[in-house]
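Below is one structure; the comments refer to it alone.
The values are calculated or read from the model by the stated rules, or taken from the named source; none is laboratory data. No experiment lies behind these values; they were computed from the predicted model shown. Glycine also receives a Cβ, built like all others from the backbone with ideal geometry; neighbour counts cover every protein chain displayed. Surface areas here come from the heavy atoms of the whole protein model, side chains and all, with no ligands, DNA or RNA. Shrake-Rupley method; radii C 1.70, N 1.55, O 1.52, S 1.80 Å.
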Amino acid sequence: MRGLAIILAATVTTLLAALPAPALPARDMDPLAREFAYCIGRLSATMEHQWLLSDPASDLTERQRGAMISLLETVSPPDQGGALMTLRLSAKFAHADLLRRAAFEQDPAHAETTQKYAGNALGRCRSLILT
């Protein structure tokens, strides 16, 4: 299992390194566009995690992700597409790691803390949309 994690981490690092540099640092972006981009990443990771676990909640998560994409498209300047995609991918990989650790962590206390953190981050995102 650890070998697979190392290979996956190397692949992700390689893919992220191949992305063009963001036009603006995240701190200089519109805060709403930045938050929507982070949330799309979190919802994407959650949806994929739910698919892997055959969780029927993935349908709702997919709809929420679509709504969040619409919100981002509404507020994002056209010249920030690359920077926003970088944020989306960063948030997705970080949230996927949280979900993986929450699901498979051997230490129950650590798994619970990680699950709460991931749930709180996702809850903030879900509070931004009507479902």
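Going through M68, M47, M85 one at a time, which residue ends up being open to solvent by 60 Å² or more (accessible area, probe 1.4 Å) and in a helix (DSSP H, G or I)?
One residue alone meets the criteria, M85.
Name every residue in segment 88-131 that is of a type outside the set (A, V, I, L, M, F, W, C), touching a residue at least 24 places away in the same chain (Cβ under 8 Å) and not in a helix (DSSP H, G or I), in order of residue number.
T131, the sole residue that qualifies.
What single numbered condition from (1) open to solvent by 70 Å² or more (accessible area, probe 1.4 Å); (2) among the hydrophobic types (A, V, I, L, M, F, W, C); (3) within 21 Å of A37 (Cα to Cα) fails to hold for L52?
For L52, the exception is condition (3).
For the list (1) open to solvent by 50 Å² or more (accessible area, probe 1.4 Å); (2) at pLDDT below 90; (3) small (G, A, S), I need the number of the one condition that A26 fails.
If we test A26 against (1) open to solvent by 50 Å² or more (accessible area, probe 1.4 Å); (2) at pLDDT below 90; (3) small (G, A, S), just (1) comes out false.
With the checklist (1) modelled with pLDDT of 85 or more; (2) open to solvent by less than 70 Å² (accessible area, probe 1.4 Å); (3) among the hydrophobic types (A, V, I, L, M, F, W, C) in hand, flag the one item L19 doesn't pass.
So L19 meets the others, but not (1).
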